[in-house]
Structures are given as structure tokens and as C-alpha cells.
Amino acid sequence: MNTFHGFAALGLLSMSMGAQAQPQYTAEACCQLCPQAAQATYYEPPELKNYATLVEAKDQWLFRTRSDLRTDFGLDESGYKALKRLRDGLAQRGVELVLVMPPSRGLLHADRLTPLELASFDQARARQNYLQTLDRVRDLGILAPDFANLLSSPQPAGQPFYFKGDHNWTPYGADRSAQLVAQTLKGNDVLKALPHQVFASQPAGLLGRSGTLQKAAAQICGNGYAAQYVTRYQTRAQGDSKGPAKVALIGTSASSELFNFPGFLEQYLQTPVRNFSVPGGGYDDSLIAYLLGDDFQNAPPAVLVWETDNLDSLGKSSFYRQAMAALSDGCDNQSPLLKSQATLHSGRNQVLFNGSGGNVYPIKGNRYQVDLKFADPGVRLLNATLTYLNGRQENLSLSRSPTVNTQGRFAFELRGDGDWGEQTLLSMDVQPPPGMTTTGLSTRLCVKPAITAAPTLRTAQTEEN
């Protein structure tokens, strides 16, 4: 049996010395995915780690068993505590946080799964855990659009929420999500105070999408999938030109202009929206870059719409340590307790020392933050070692997505979990970024602002009539 381009051909040839029969073939459709796609080792390259493991469903739909067919959602208790602190910090700056977390592809498109895949996917558990996660987020005082109705009814024919071979939503999915954001903010005093402007969305040709899952399959198997075409949309202000925006959007690639999620938000919120999402930057790095930038620090938005495809990255303490330091603009607004200007050379370079002049300050992990800026604005990796008086050390590695620009700046809180918050910092060493033998670095250490539990900024939401 030989396999050619996804088809299995069985050739039966009967020959004799006296006569030659014509060859007869029977062919049946075969899978597009190769056997290697089921092997975890093929997903070890960094560009494939988020696609493990691909399975093919009906009509050439592709799913990732680890992400799309997951049943567990949400954070642990420390993660929810950190998320609430971020929400409270934003509220102190007058910012209402809206967290958009749509259902997984498996939850919304389980009808495309084969019986074999359905047998191993516990839809009931996935649905329950997903909805409980949204409820828990709301308990933190964060607005979270309710996608429950989408789980209760089948997706309309020809209007899939997600692409069949891509992790992003379609323009239809972006449209439905924007409607739910508007419903969530309905009756909110913050929304009522925003500048009112009418926007309209119109079809703007076709959008052809060769999806990320399809590209991963092609890299592993060598064969390709046809692009999927859907209607593309464009949103324009009616009458006057677009006014100043008091709504900011941060998100994944799903929040790019390609799928018109920013435009649909403008249409349903009836107010201008400014999109700070960075293609390829992720919802975590994009947020850190936005908080560190002048746009946020000089004019915080009234509403921050934060679109995520899951909460996995939000379970990392390193994200919150950076986001909270970025929220207060590092050490730019206060006098540093320690500071230095250094030229880094190969190996470890001490850039902070708590003991100069014989004075040892009580620099506790739960009260201070560090603000560093490389002379080269293209630096995207920080490797540092923090040493405490009792000899304990923390090796800290922070990286930036290649598409996110923070001008070589890294700000982070000292470690405060467990008993780390009571340790006294002695010193900090930094290594030059890979490929650099020398570079300049400015380092400051300052007190981190206190974050108090903030009341909700919104009024009670009105029910949909």
C-alpha cells in the first residue's frame, strides 16, 4: 500500500505469461495529518509548543488537545489574589477593567469533533470549569462578558466563531464578543461618561486565512491546507472624524485590525476605541508595554478592555511583578533609595549594593521595586541575580516578545511571596544580554506604591430586556 497526497491507493495487479490484465485500483480518502502529528516530540521547537497535539476533526477542522480540548481553566488562589491586586491598582488610577475571555474552540465547536475525540473530551466538566472561572473573575470586581448563551446554542451555519484551522476568532466571533462587552458595560456610569459617537461596520471584501494550526501541521507533516475565506469588515465613524478615545484595548492577535474587534467595539459601545495590542506580543507583554508607555501614564483610559485567549500566563508571578511595577511607572515618580549607572561587561556585574557607606537599609521584598533601563533600546532579555542578607538568591530572567517595544526598560517588584517578602536585599547582579560584550545600564530601587482594595467603579448593571 502506498500513500500519495492524503489518499491511500491499493493496486491489485494480476499478470500471467499468456495474458496481461489491466491494473485495477481502489482509492479512499485518508487523513491529512501524518502520524508524527500525534507524537509530543515533534512539538518541542519553541514555535510549535503551543500546538500540542494536533488532531483532525470533521471537514478538515484542526484542534489542539492541550489548549482547545482542555477541561481546566482559571488560576490558583495566589493567581486570583494577584489579579485582584492588578484590578485594584487600575481602579486607583480611575480605570475600569473588562476581561474578555471567550470559550475555547473545543467548547464552541465540539460539533466538529469526531466520535473518537468526543469520547476523550469531557465537555460538561470543561463547560462547568470555564463558567466558574468567569464567576470567580467577576467576584474580584472585574467585568467579564458572559459567553454562556453561546455555549447553549449551536453556532450558525456558515458563521463559525473560530476559524477551522486557526486559534483566532473569525470576524463573526469578534463581532459577537464585542456585543457581549457592550452588554456587560450597559448601565455603567463609566460608559455613560464616555464621549458618544456613532460608528458603523460594513463588509469590506473577503478575508483569506491560512491558520496557525494549519501552518503547524504543514511544518510537521509537510502538506498544506486550503485557506478559509470569510467576510472582512471595516468600521468607520459616522459624520465627524473619529474623536479622542477613552477606551483602550489590549489583547492577542485576535484584537488586531484584521478581525475588526476594535471596530466592532466602537460600533456597539458608541465611543472611540484605541487599540494598543501588538501582533505577536501576547496579552501579557502587550499590557506591560502599554502600562510603561506615555499613553497610559499621561492619560489613563476610563475603560481598559483586556482580551485573552486563556489565563495561563496570568498564573505566573513574574507577570504581576512586572505589571504592578509598570502600573506605577517604575521609579519615575519618586526618589530612589538605591541607584547606579554602570557599563556591563561579560559575566555578572553588581549594579545595586545595600551597604554603601556602612548603611544597610531594611529593603524588604514586599515593599520595594526595581527599575532598569539598558542604553540599547533593543534589549529584550534581562538576566539578574538578587542576593539577600541571609545568603538566599533569586535568579530572575525576564524577556520581551520581539514585537513589543519597551525601549530596553524592565521594571519589577522584589519577590514578596511566602517568606521572601521579609528578606532584606543585599545586592543585585546583571549579566549583559546574549551577543553583547558591553552595554550601559541605569538601575534604580524605590518603594512600591501601596495598593488598597478599591470599590467597583461601576453601577449595578441593568438587565437585558
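Structural remarks
- Against the conditions (1) under 17 Å from the mean Cα position of the chain (by Cα); (2) assigned to a helix (DSSP H, G or I), LEU90 satisfies every one except (1).
- For the stretch 421-438, taking the residues that are surrounded by fewer than 17 Cβ atoms within 10 Å (Cβ to Cβ) and modelled with pLDDT of 90 or more, the one that is nearest to LEU140 (Cα to Cα) is identified as GLY421.
- Residue match in the stretch 250-265 (condition: closer than 27 Å to SER78 by Cβ and at pLDDT 95 or above): yes
- The residues of the stretch 138-186 that are touching a Gly at 6+ places or on another chain (Cβ under 8 Å) and either closer than 11 Å to VAL100 by Cβ or of a type in the set (Gly, Ala, Ser) (or both) amount to a single one, GLY165.
- Listed by first and then second residue, the pairs linking a residue in the stretch 35-59 that is under 13 Å from ALA218 (Cβ atoms) to a residue that is among the acidic types (Asp, Glu) and surrounded by 13 or more Cβ atoms within 10 Å (Cβ to Cβ), with Cβ atoms under 9 Å apart and 6 or more places separating them unless they lie on different chains, are ALA37/GLU56.
- Hey, THR41 among the hydroxyl-bearing types (Ser, Thr, Tyr), part of a loop (DSSP other than H, G, I, E, B) and either in the same structural domain as ARG209 (by TED's automatic domain parsing) or at pLDDT 90 or above (or both) or not: no
- Meeting the requirement of 1 or more residues that are touching a helix residue (DSSP H, G or I) at 6+ places or on another chain (Cβ under 9 Å), the strands (runs of 3 or more DSSP E) wholly within the stretch 342-406 are 368-374, 381-388, 393-399.
- Among all positions in the stretch 166-183, there is at least one residue which is crowded, with 16+ Cβ neighbours inside 10 Å, among the acidic types (Asp, Glu) and assigned to a loop (DSSP other than H, G, I, E, B).
- The stretch 85-128, residues that are among the hydrophobic types (A, V, I, L, M, F, W, C), farther than 17 Å from TYR162 by Cβ and either surrounded by 15 or more Cβ atoms within 10 Å (Cβ to Cβ) or in contact (Cβ under 8 Å) with a residue 12 or more places away in the chain (or both): LEU86, LEU90, ALA91, VAL95, LEU97, VAL98, LEU99, LEU118
- Scan of the stretch 75-84 for residues that are crowded, with 20+ Cβ neighbours inside 10 Å and within 21 Å of ARG125 (Cα to Cα), ordered by number: none
- First in the stretch 214-229 and among the hydrophobic types (A, V, I, L, M, F, W, C), second anywhere and assigned to a loop (DSSP other than H, G, I, E, B) and crowded, with 18+ Cβ neighbours inside 10 Å, Cβ under 8 Å, 6 or more apart: ALA217/GLN32; ALA217/LEU33; ALA217/GLY165; ALA217/TYR225; ALA218/TYR225; CYS221/GLN32; CYS221/LEU33
- The stretch 343-366, residues that are over 11 Å from ARG444 (Cα atoms) and either buried (at least 16 other Cβ atoms within 10 Å of the Cβ) or among the polar types (S, T, N, Q) (or both): THR343, LEU344, SER346, ASN349, GLN350, ASN354, SER356, ASN359, ILE363, LYS364, GLY365, ASN366
- Count of the stretch 144-165 residues which are in a loop (DSSP other than H, G, I, E, B), at pLDDT below 90 and under 14 Å from LEU107 (Cβ atoms): 3
- Residue tally, condition crowded, with 24+ Cβ neighbours inside 10 Å, closer than 19 Å to GLN179 by Cα and not hydrophobic (A, V, I, L, M, F, W, C), over the stretch 272-307: 1
- Residue within the stretch 215-234 that is in contact with a helix residue (DSSP H, G or I) (Cβ under 9 Å, 6 or more places away or on another chain), within 30 Å of ALA91 (Cβ to Cβ) and not in a strand (DSSP E or B) present: no
- Checked against (1) closer than 29 Å to ALA91 by Cβ; (2) in contact with a Phe, Trp or Tyr (Cβ under 9 Å, 6 or more places away or on another chain), GLN297 passes all but a single condition, namely (2).
- Residue among VAL379, VAL305, VAL360, VAL370 that alone is in the same structural domain as SER427 (by TED's automatic domain parsing), among the β-branched types (Val, Ile, Thr) and in contact with a Leu (Cβ under 7 Å, 6 or more places away or on another chain): VAL370
- Within the stretch 188-214, the residues that satisfy the criterion of being in a strand (DSSP E or B), loosely packed, with under 12 Cβ neighbours inside 10 Å and not hydrophobic (A, V, I, L, M, F, W, C) are GLN202, PRO203, GLY205, GLY208.
- Some residue of the stretch 319-332 being farther than 21 Å from ASP417 by Cβ, of a type in the set (D, E, K, R) and at pLDDT 95 or above: yes
The values are calculated or read from the model by the stated rules, or taken from the named source; none is laboratory data. Values in this document were obtained by computation on a predicted structure and should not be read as measured data. As a convention, Cβ positions derive from the backbone with ideal geometry for all residues, glycine included, and neighbour counts pool all protein chains shown.
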